[in-house]
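Asks: Shown below is the structure under consideration.
The values are calculated or read from the model by the stated rules, or taken from the named source; none is laboratory data. None of the values given here were measured: they were computed from a predicted structure. Note: ideal-geometry Cβ built from the backbone for every residue, glycine included; neighbour counts use all protein chains shown. Calculation scope for accessible area: heavy atoms of the full protein, side chains included, ligands and nucleic acids excluded. Shrake-Rupley method; radii C 1.70, N 1.55, O 1.52, S 1.80 Å.
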Amino acid sequence: MDKLPFRQVHLDFHTSECMPGVGSEFSEENFREALLDGHINSITLFSKCHHGWSYHPTKVNEMHPNLTINLLNRQLKVCEELGVRAQIYISAGIDERKAVKYPQFRSIVRGSENTLLGSHFHGLCLNNDEYLAMLNAEVAEVMELFSGRFDGVFLDICWPRPCVCPSCIDSMLKLGLNPENEADVEKHIRIVYHKYTKQINETVARYDKNMPVFYNCGNIPRNDRSIVYANTQHLELESLPTGGWGYDHFPLSAAYSRVLGREFTGMTGKFHKSWGEFGGYKHPNALIYETALSMANGAKCCIGDQLHPLGKFEKATYRLIGEAYAQVEKKEKWCRDVTAVADVAVYSTYTDATRDTCPDVGANRILLEGKYLYNIIDGQCDFSDYQMIIFPDQVVFDEALTAKTEHYLKRGGKVLLSGKSGITADGNFFTDFGVKYIGRSSMDASYLIPAYDMKPNGMAPYLMYERGHLIEAAENVEILGYMQDSYFNRSLRRFCSHGNTPNNPESRLPGVILSGNIGYIAWNIFEEYGKNGAYHQKRVVCDLIDHMLGDRKTLSTNLPSNGIVTLMEQKEQNRSIVHLLYAVTKKRGDTEVIEDAVAITDTQVSIRLPQKPYRVYLAPEEKDISYTYEKGRLSFTVDTFKLHGMVVIEKAE
């Protein structure tokens, strides 16, 4: 059963001691009005901010010097009155007051600026036992002072930096790690994370073993579930599209979070850009789209705001939030307790260093634009839940992954490999499917020649911007595309024209193959698409997926490439919900924005369904739409929608 509310606000209140009259204009009436105007049923309120000040009387920290009221207590009273869930925020990795007062607490990162110069916050070392004791005391005080009045602890800036302060050097040496070795420093980060989250969780549990604790790291890692499961109950996916994350980031993060068995929220912001922006406002259509994107991906919604130091809530902000949340409130009935339907899984290649550039990024983008139903998975997932698994570009197969994948193939599963994925430590593919891996091509640029009429430009040499991979294919292997080398690599005295060397028509090597239930593309195609976004790169992947899935593909639609489609199931209600989203994003300066709500007309959807549905209707209007059901497929057309449309399929009366 769901526990998280759908309409949350994360209320930042990072307030410097330089600001006068802190909280002097706070009023219960103004706060109450903001919550009601915003249709808000959950809010995160501050105990301690990045500047290090508390917003209530404290024995273990210092209350803001220019605050004369118990702000947090008064805010909680309003929440109690309205039945609004409250979560309490404590800044963990940043505390500017302590950074100045206790210089030994500051983290030291090799090659970075570690002085107190600059108008910015300075990180603290979460491995410093003295600071960690203070942080635990602050958490304990919140649990004591406000017991029974809030429903979650939110700690921020929780991912340790690659610190080489005296505490970390001493800790690493005791553990047999080398502080001068980058890999050992990275290993130590995880040790520190588990040490301090364990302590905080134990502190909270002493007062309330059922209290949710969330550690915000700005990202959900996809290569270590122990990091994720330090969060005791739920996840919050920080993903402000205009703040550098982009509009593709949340669907990617959600696609992985869905397999972890935890409720999660999608956290965006009302800002034009990002956190800490006073006076910045999104267009209402952007916020309507972003909250709909959260629901469409199985998440609850959270919108970030920054309260003015005087403590007065801006009417314009909560009208803006209210425009989005009024729609969420009408739709949430069909978004509770959902499970995503997924034909395809992408085996994650995430590392901390490549989280924004790894092949997951390109794979996510192709599957979004290609309108596939998918999840992102790791090695702990059950492969049998999916019709196809994509191992993008660089998944090295060990014995365990080899055995698991071979078992999956024997049971009829489909596998798509690319680049060096599927290669074992001995340099060969994990299984014999008639293809031998030779190595990386020496040619800087090569060309894809499809062996079929690839839309929209047909059979032609298509430039691939990175080096390919050389393979040998047996005669019984179906070749769907060829690799064609360029004449030569560009060099000081040997180049042709402005960019890449032209293709050599006499070159012909296997480039895209299909052998039984295994497909292979001889380029780092997902990394390439994430980096270059050439249409033919996406097209060849989509064509191969469609060829392999055949009529087993669950959903097809004519929604344009900017659109997103998901299919969710509410099993208790025995119904499915199709989410259709469409927005036009534009880059203005360095910010990706949405303004227009374009009407999308005549959207056709076809879904593989084992039995004829009882009813098909639009939500939240509950307006029936006509449909056909033939040969196990349900088909219908949505006449028009803007930003977000929902179609509910009731499977039985």
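Asks: Taking only the stretch 244-259 into account, find how many residues are more than 16 Å from Thr291 (Cβ to Cβ) and open to solvent by 10 Å² or more (accessible area, probe 1.4 Å).
Replies: Residues that pass the stated criteria total 6.
Asks: Which pairs turn up if I take residues in the stretch 41-59 that are of a type in the set (Val, Ile, Thr) and look for partners that are open to solvent by 10 Å² or more (accessible area, probe 1.4 Å) with beta carbon separation below 7 Å, at least 6 apart in sequence or on another chain?
Replies: If the second residue must be open to solvent by 10 Å² or more (accessible area, probe 1.4 Å), the pairs left are Ile43/Val84; Thr58/Glu141.
Asks: Right, something else. Looking at Ser54, Ser47, which is the one that is among the polar types (S, T, N, Q), touching a Lys or Arg at 6+ places or on another chain (Cβ under 6 Å) and under 28 Å from Arg106 (Cβ atoms)?
Replies: Criteria check complete, one pass: Ser54.
Asks: Counting only residues that are open to solvent by 30 Å² or more (accessible area, probe 1.4 Å) and either in contact with a Ser or Thr (Cβ under 6 Å, 6 or more places away or on another chain) or assigned to a helix (DSSP H, G or I) (or both), how many does the stretch 74-84 have?
Replies: Going through the stretch 74-84 one residue at a time, the tally reaches 5.
Asks: Starting from the stretch 531-556, take each residue that is under 16 Å from Val415 (Cβ atoms) and list its partners that are small (Gly, Ala, Ser) and surrounded by 14 or more Cβ atoms within 10 Å (Cβ to Cβ), counting only C-beta distances under 6 angstrom and pairs at least six apart or across chains.
Replies: From residues that are under 16 Å from Val415 (Cβ atoms), the pairs are Leu544/Gly519; Met548/Gly519.
Asks: For the stretch 601-610, what are the residues that are open to solvent by 20 Å² or more (accessible area, probe 1.4 Å), in a strand (DSSP E or B) and either under 17 Å from Lys642 (Cα atoms) or out of contact with any Phe, Trp or Tyr (no Cβ under 9 Å at 6 or more places or on another chain) (or both)?
Replies: Thr601, Asp602, Gln604, Arg608
Asks: Residue under question is Pro212, and the condition is that it be more than 14 Å from Gly93 (Cα to Cα) and surrounded by fewer than 18 Cβ atoms within 10 Å (Cβ to Cβ); does it hold?
Replies: Against the criterion (more than 14 Å from Gly93 (Cα to Cα) and surrounded by fewer than 18 Cβ atoms within 10 Å (Cβ to Cβ)), Pro212 does not qualify.
Asks: Right, next: If you check Ser119, Ser171, Ser112, which single one turns out to be over 30 Å from Gln8 (Cβ atoms), in a helix (DSSP H, G or I) and of a type in the set (Gly, Ala, Ser)?
Replies: Ser171
Asks: Write out, first by first residue and then by second, each pair whose Cβ atoms fall under 6 Å of each other, whose residues are 6+ apart or on separate chains, and whose first residue, in the stretch 219-239, is closer than 19 Å to Val361 by Cβ while the second is of a type outside the set (Asp, Glu) and surrounded by fewer than 17 Cβ atoms within 10 Å (Cβ to Cβ).
Replies: Close Cβ pairs (under 6 Å, with a partner that is of a type outside the set (Asp, Glu) and surrounded by fewer than 17 Cβ atoms within 10 Å (Cβ to Cβ)) amount to Glu238/Gly218.
Asks: Moving on. Out of all the residues in the stretch 113-123, is one or more open to solvent by 60 Å² or more (accessible area, probe 1.4 Å), at pLDDT below 95, hydrophobic (A, V, I, L, M, F, W, C) and farther than 30 Å from Met211 by Cα?
Replies: The answer is yes, given that some residue of the stretch 113-123 is open to solvent by 60 Å² or more (accessible area, probe 1.4 Å), at pLDDT below 95, hydrophobic (A, V, I, L, M, F, W, C) and farther than 30 Å from Met211 by Cα.
Asks: Okay, moving on. Looking at the stretch 171-205, which of the residues that are closer than 26 Å to His50 by Cα and open to solvent by 60 Å² or more (accessible area, probe 1.4 Å) is modelled with the lowest pLDDT?
Replies: Across the stretch 171-205, the extreme among qualifying residues is Glu186.
Asks: Can you report the number of residues in the stretch 618-649 which are surrounded by fewer than 15 Cβ atoms within 10 Å (Cβ to Cβ) and in contact with a Pro (Cβ under 9 Å, 6 or more places away or on another chain)?
Replies: Total meeting the criteria: 1.
Asks: What pairs come out if I take residues in the stretch 629-653 that are within 24 Å of Glu323 (Cα to Cα) and pair them with residues that are among the charged types (D, E, K, R) whose C-beta lies under 6 Å away, six or more apart or interchain?
Replies: If the second residue must be among the charged types (D, E, K, R), the pairs left are Val648/Arg575.
Asks: Would you confirm whether any residue within the stretch 396-403 is open to solvent by 10 Å² or more (accessible area, probe 1.4 Å), outside any helix (DSSP H, G or I) and out of contact with any Gly (no Cβ under 7 Å at 6 or more places or on another chain)?
Replies: yes
This table checks each residue for (1) closer than 30 Å to Thr351 by Cα; (2) of a type in the set (Lys, Arg); (3) touching a strand residue (DSSP E or B) at 6+ places or on another chain (Cβ under 9 Å).
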residue: Ile449; (1), (2), (3): no, no, yes
residue: Tyr452; (1), (2), (3): no, no, yes
residue: Arg467; (1), (2), (3): yes, yes, yes
residue: Glu472; (1), (2), (3): no, no, yes
residue: Glu475; (1), (2), (3): no, no, no
residue: Tyr482; (1), (2), (3): no, no, yes
residue: Pro502; (1), (2), (3): no, no, yes
residue: Ile513; (1), (2), (3): yes, no, yes
residue: Ile525; (1), (2), (3): yes, no, yes
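Asks: Same structure, new question: Could you say which residue among Gly458, Gly427 is without any contact (Cβ under 8 Å) to a residue 24 or more places away in the chain, closer than 30 Å to Asp551 by Cα and either in a loop (DSSP other than H, G, I, E, B) or open to solvent by less than 40 Å² (accessible area, probe 1.4 Å) (or both)?
Replies: Gly458
Asks: If you don't mind, there's one more thing I want to ask. State whether the residues of the stretch 387-398 include one that is under 26 Å from Ser294 (Cα atoms), modelled with pLDDT of 95 or more and not hydrophobic (A, V, I, L, M, F, W, C).
Replies: Scanning the stretch 387-398 turns up at least one residue that is under 26 Å from Ser294 (Cα atoms), modelled with pLDDT of 95 or more and not hydrophobic (A, V, I, L, M, F, W, C).
Asks: Same structure, new question: Which one of these is open to solvent by 20 Å² or more (accessible area, probe 1.4 Å), at pLDDT 95 or above, under 20 Å from Asp543 (Cβ atoms) and assigned to a loop (DSSP other than H, G, I, E, B): Asp453, Asp432?
Replies: The match here is Asp453.
Asks: Now for a different question. How many residues, within the stretch 1-21, are surrounded by 18 or more Cβ atoms within 10 Å (Cβ to Cβ) and in a loop (DSSP other than H, G, I, E, B)?
Replies: Matching residues across the stretch 1-21 total 6.
Asks: Which members of the stretch 92-108 meet the condition of being out of contact with any Leu (no Cβ under 8 Å at 6 or more places or on another chain), buried (at least 17 other Cβ atoms within 10 Å of the Cβ) and of a type outside the set (D, E, K, R)?
Replies: Scanning the stretch 92-108 gives a single hit, Ile108.
Asks: Within the bounds of the stretch 180-193, is there any residue that is part of a helix (DSSP H, G or I) and farther than 27 Å from Ala133 by Cβ?
Replies: Yes, some residue in the stretch 180-193 is part of a helix (DSSP H, G or I) and farther than 27 Å from Ala133 by Cβ.
Asks: Please note which strands (runs of 3 or more DSSP E) are completely contained in the stretch 473-587 and include at least 1 residues that are open to solvent by 50 Å² or more (accessible area, probe 1.4 Å) and farther than 30 Å from Lys651 by Cα.
Replies: Filter on the stretch 473-587 gives 478-485, 509-515.
Asks: Also: Given the options Ser54, Ser42, Ser24, name the one that is of a type outside the set (Asp, Glu) and surrounded by fewer than 20 Cβ atoms within 10 Å (Cβ to Cβ).
Replies: Unique residue meeting the criteria: Ser24.
Asks: Then there is this: For the stretch 366-395: of the residues being charged (D, E, K, R) and part of a loop (DSSP other than H, G, I, E, B), which is farthest from Ala425 (Cα to Cα)?
Replies: Of everything passing the filter in the stretch 366-395, Lys371 is farthest from Ala425 (Cα to Cα).
Asks: Tally time: how many residues in the stretch 346-395 are touching a Lys or Arg at 6+ places or on another chain (Cβ under 7 Å) and open to solvent by 40 Å² or more (accessible area, probe 1.4 Å)?
Replies: Here the count works out to 5.
Asks: Here is a follow-up. Out of (1) open to solvent by less than 30 Å² (accessible area, probe 1.4 Å); (2) part of a strand (DSSP E or B); (3) of a type outside the set (Gly, Ala, Ser), what's the single condition that is false for Pro613?
Replies: (2)
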